[in-house]
Structure formats: C-alpha cells, structure tokens
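Working notes for the structure below.
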Amino acid sequence: ERSGAVAVVSKSEDFQASYRELVKTVRLMRGLRVIRRRNYRSHLFKKRHFMLIASSSGGPRTVEQLLRQVRPDTGVSAILVQHLTQEGTSGFLTWLREVTDWRCELVTANIVPEPGTLYVGLPGRHLLFNDRELYLGKASPQDHFAPSADRLFESFARSRGNESLGIVLSGMGADGARGLLELRLAGAVTVVEDPSTA
C-alpha cells in the first residue's frame, strides 16, 4: 500500500479463475482516480506568504490541527473564512488562542496582514484583500455565504495568487471551489481536504 498498490489479486492453482479475477480487477481499477499525497513541509510554503483557509461549521477541530502543524514561525499570514455565527466566531477565536501558538485577530477594520497571525472576518461580511490590506466588504442578498471563501480567494488571486496557499476543508458545499480554481490559475498552491478525514 505504501508503494502505491490499490488492489491485490491472489494467485490460485486454477489459472482460468486467476485470469478472470485479474481481468475483472484491472477493469475496475481503470476508472480509479489516483490521489497523490505530498508532505506539506517540503513544498507548500516555498515563496508563500499567505495561507488562505476555508472552513465550515464542522471544521474547527481540523483548523486547530492544521494550525498546530503549521507553526506561526513559518512566516505566513493565515486568513480564515469560517462559517459560524457572531457568538460562535468570538468563542472560536478565544479557543484557538488557547490551543495554538498563533496570534488570532478578528478583522473589524482595514489591516495589513502580519506573519504568524491568523485573521478571521466578521460573520455577515466578506473578508477581502486589496493587494496590501485585509478589509471587510458588504454582503448582498444574493450571496449564499458571508463571509465567502470564493470572494476571499478571488481577491487574493487578483494580486497575490502566486504568493498564496489555498486550503478548502470538507463541508463547505460549493463555497470555495470557484475561488480555489482562480487561485490555482493565478499560481497558488491549492489543497482540498480528503473527505475521509472529515
């Protein structure tokens, strides 16, 4: 399995039975998508200054684990879109300050992101970037989510895509998919959580 095997076919004395089993397995494997996993330490943060994370209401534990693995001294600013209520966001930030080494700030006004700090926007407002500062944008009635991962990712793709790492955790629905593609096309490293770990 560690070498990349996805199936095993046993060899029996009955050659015809073994042959049929092998052909059946090869046909099944033909449509299998191959997922390559890489060690984040080796390449994800080369020339990256911004780690953009999209998380839904089921994602706080995964965000915590991610922030424990990626240390604040990596030199990146972390910007998080978290689908939570106002009360939930406040409690979530307090909890993250206790369980990680990251400085955690709620964005309430324009701010220049600093390395080693996690920024979270206000619920009901979009968290955006203008090539220098994070700022809050108004949500429209047509927006399904505010803050929206798509809007955050797209704002970084316009100016700092090649300096960004975009991460979408499972449970986001469609939010983040379009923006992650924009980031990728702008030169970002992009990562999606495997549903098996959700």
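The values are calculated or read from the model by the stated rules, or taken from the named source; none is laboratory data. Being a predicted model, the structure only gives us computed values, none of them experimental. Every residue, glycine as well, gets a Cβ built from its backbone with ideal geometry; the counts of neighbours run over all protein chains shown. Note: areas computed on protein heavy atoms with side chains; ligands, DNA, RNA excluded. Shrake-Rupley method; radii C 1.70, N 1.55, O 1.52, S 1.80 Å.
Before moving on, here are some points about what is shown:
- Per-residue accessible area (protein heavy atoms, 1.4 Å probe) orders Phe153, Phe145 as Phe145, Phe153, starting from the largest.
- The range 80-198, Cα convex hull volume normalised per residue, Å³: 110 Å³
- Most tightly packed first, judged by the mean number of other beta-carbon atoms within 10 Å of their residues, the peptides 174-182, 48-56 read 48-56, 174-182.
- Within the range 55-155, percent of DSSP bridges classed antiparallel, to nearest 5: 40 percent
- Probe 1.4 Å - accessible area at Arg103, Å² to nearest ten: 120 Å²
- Exposure of Val112 as accessible area (Å², to 10), given a probe of 1.4 Å and all protein chains: 60 Å²
- Cut-off 13 Å, label 7 Å out along Cα→Cβ of Leu106, residues of the range 51-88 by amide N: 84-88
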